[in-house]
Amino acid sequence: MTTELYYLSLVALLTAVLWIPYIACQVMTNGNPTPQSYVDPTPLPVPNWGKRANRAYMNSVETFGPFAALVLVVHLTNSASGMTAFWCMAYFWLRVIHAIVFWLGIAYVRTIVFTLAFICILGLFWEIMT
């Protein structure tokens, strides 16, 4: 497995588990789901950290597609290099940091980390196109 595909797998797993803190918050705050909660999809109120956990998950889902597509293009076109491996590794670790600072509510650091992860996506695109 290439480094790029390895980090794509890690990002996929990270994205797949980021819903857990939000659901844990829902259960801690509102108890186990009832039959009515399946009929009425309106989210029940949760503390701010739970809202941030949900937003961190949704943000990961939203950014996964472009990252995954570019990693697959790198793989299919045999464009892998030290730089594409770096961009993928950096993207994964920045997404881990992003989730943590989002949960903790660290405003400006969250924006900086998100921007750096976006730069990783642009870096992958650049490596493909040049």
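Values computed for the structure shown
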{"item": "Criterion: at negative phi, β-branched (Val, Ile, Thr), modelled with pLDDT of 95 or more and under 11 Å from the mean Cα position of the chain (by Cα) - qualifying residue of VAL11, VAL73", "result": "VAL11"}
{"item": "Number of the exception - TRP87 against (1) touching a Leu at 6+ places or on another chain (Cβ under 6 Å); (2) on the phi > 0 side of the Ramachandran plot; (3) not small (Gly, Ala, Ser)", "result": "(2)"}
{"item": "Hits in segment 87-108 (condition: farther than 20 Å from THR15 by Cβ and either touching a residue at least 12 places away in the same chain (Cβ under 8 Å) or touching a Cys at 6+ places or on another chain (Cβ under 8 Å) (or both))", "result": "GLY105"}
{"item": "Residue in segment 11-67 that is farthest from VAL109 (Cα to Cα), counting only those that are assigned to a helix (DSSP H, G or I) and charged (D, E, K, R)", "result": "GLU62"}
{"item": "Test result for PRO21, under 18 Å from the mean Cα position of the chain (by Cα) and farther than 16 Å from LEU124 by Cβ", "result": "yes"}
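The values are calculated or read from the model by the stated rules, or taken from the named source; none is laboratory data. Small disclaimer: the values here were computed from a predicted structure and weren't measured. Neighbour counts are summed over all protein chains in view; Cβ atoms, including those assigned to glycine, are modelled from backbone coordinates with ideal geometry.
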